[in-house]
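A.B. asks: Sending over a structure as structure tokens; questions will come in a sec.
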Amino acid sequence: MRMKPLRDAPAAAALVAAAVLVPSCRAPAPADSASADLAASATTIDLAHGAWIDLTHAFNESSIYWPTASGFRLDTVAWGRTDAGYFYAAFDYAAAEHGGTHLDAPAHFAEGRHSADRIPLERLIGPAVVIDVSARASADYQVSVSDIEAWEAEHGRIPDGAILLLRTGWGGRYGDRAAYLGTEQTGPDAVPLLHFPGLHPETARWLVGNRAIAAVGIDTPSIDYGQSSTFESHVILYSENVPGFENVANLDALPPTGSIVFALPMKIEGGSGAPLRIVAWRRR
Ligand SMILES: [Zn+2]
């Protein structure tokens with residue numbers, strides 16, 4: 001990534017040329033003008049003509065964690081005026097890796113694959129492809145190959161190095177545990193009661209076999225739908241070192257193409273996942 005110094009250019013024309021495609025990916029010439037436009041728009045940031053979108057839910061005591069995981073804790077160490085006269089605040093926090101807006105490292109479901117600290121940055125930063133199934137997604141919906149094909153018929157082939165974001169509409173339910181997860185219960189008995197949309201394993205298999213995506217994100221608690229007990233889409237993607245982003249927020253603010261995602265997790269050495277700050281830049 002190369003940034004032209006602001007003092008050498010009018011502020012309105014400050015450009016960031018972002019080479020965000022995964023270097024190891026095949027880079028075929030775009031087959032048609034739609035994909036050429038997609039590739040071009042997705043790799044250049046003009047800071048004067050765009051906006052940043054925060055795709056992260058704030059972490060707090062209501063953050064959604066898996067029913068068997070402990071939630072987010074923030075304990076006050078200090079808050080207030082000190083004897084020396086200055087204000088001072090500090091907190092201890094604790095949480096499971098897999099809760100709130102978070103990364104699933106491939107090592108979460110595939111032994112020997114990338115842990116949180118070893119995921120190449122090229123897989124965490126890239127052009128976004130947003131596939132919106134919110135109009136038809138039910139609580140047991142699984143994104144199908146035909147959903148992908150319908151998107152490509154309209155917007156062109158998913159480019160190599162793309163970060164595939166699945167918008168099911170569940171993100172808007174995040175504050176309501178029963179509506180978002182299908183149950184308010186916690187503990188092992190709650191797991192069979194989970195209902196939310198996900199990515200069908202057949203689609204995960206098609207994606208790793210036919211497209212060179214960098215990562216997959218979704219606005220639900222899990223890449224696999226709530227009723228999954230075998231987590232096949234996790235296994236299929238993570239075995240190929242494709243990481244996942246879960247509980248992604250505000251996908252309704254992104255266009256189908258033309259935005260760039262920056263998904264930077266806490267760098268937990270050996271971690272199977274991590275809290276994630278994910279943002280996107282989009283053209284205005
Ligand atoms: Zn996870």
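Coordinate-derived values only; no laboratory data. Computed from a predicted model, the values in this text were never measured in an experiment. Cβ: placed from backbone, ideal geometry, glycine included. Neighbour counts: every protein chain shown.
A.B. asks: Pick out, in residue order, every one of the trypsin sites (Lys or Arg not before Pro) in segment 78-162 that is DSSP loop and has at most 16 other C-beta atoms within 10 Å; say none if there are none.
C.D. replies: Passing both the DSSP loop test and the Cβ count: 136.
A.B. asks: Residue 271's amide H: which non-local residues (gap 5+, or another chain) put their own amide H closer than 5 Å, with H modeled 1.01 Å from N in plane and none for Pro or chain starts?
C.D. replies: The answer is 116, 117.
A.B. asks: Can you give the extra length, in nm with one decimal, that the chain gains between residue 227 and residue 94 once fully stretched, where that is 0.36 nm per residue apart less the Cα-Cα distance? Could the numbers behind the result be given before it?
C.D. replies: Details: separation 133, 0.36 × 133 = 47.88 nm, distance 2.82 nm.
Full-extension gain reported as 45.1 nm.
A.B. asks: Separate question: Lys/Arg Cβ at +1, Asp/Glu Cβ at -1, dipole of segment 161-256 taken about the Cα centre: which of 250, 190, 179 is farthest positive-ward?
C.D. replies: Farthest along the dipole direction, towards plus: 250.
A.B. asks: Using the Kirkwood formula on the Cα atoms of segment 56-152, what hydrodynamic radius do you get, in angstrom to one decimal?
C.D. replies: Details: mean 1/r = 0.0562 Å⁻¹.
One over the average 1/r among Cα pairs gives 17.8 Å for segment 56-152.
A.B. asks: Roughly how far apart, in whole Å, are the Cα centres of segment 94-138 and segment 140-200?
C.D. replies: 13 Å
A.B. asks: Name the long-range amide H neighbours of residue 71: under 5 Å, sequence gap of 5 or more, or other chain; modelled H, no Pro or chain starts.
C.D. replies: Answer set, sorted by chain and number: none.
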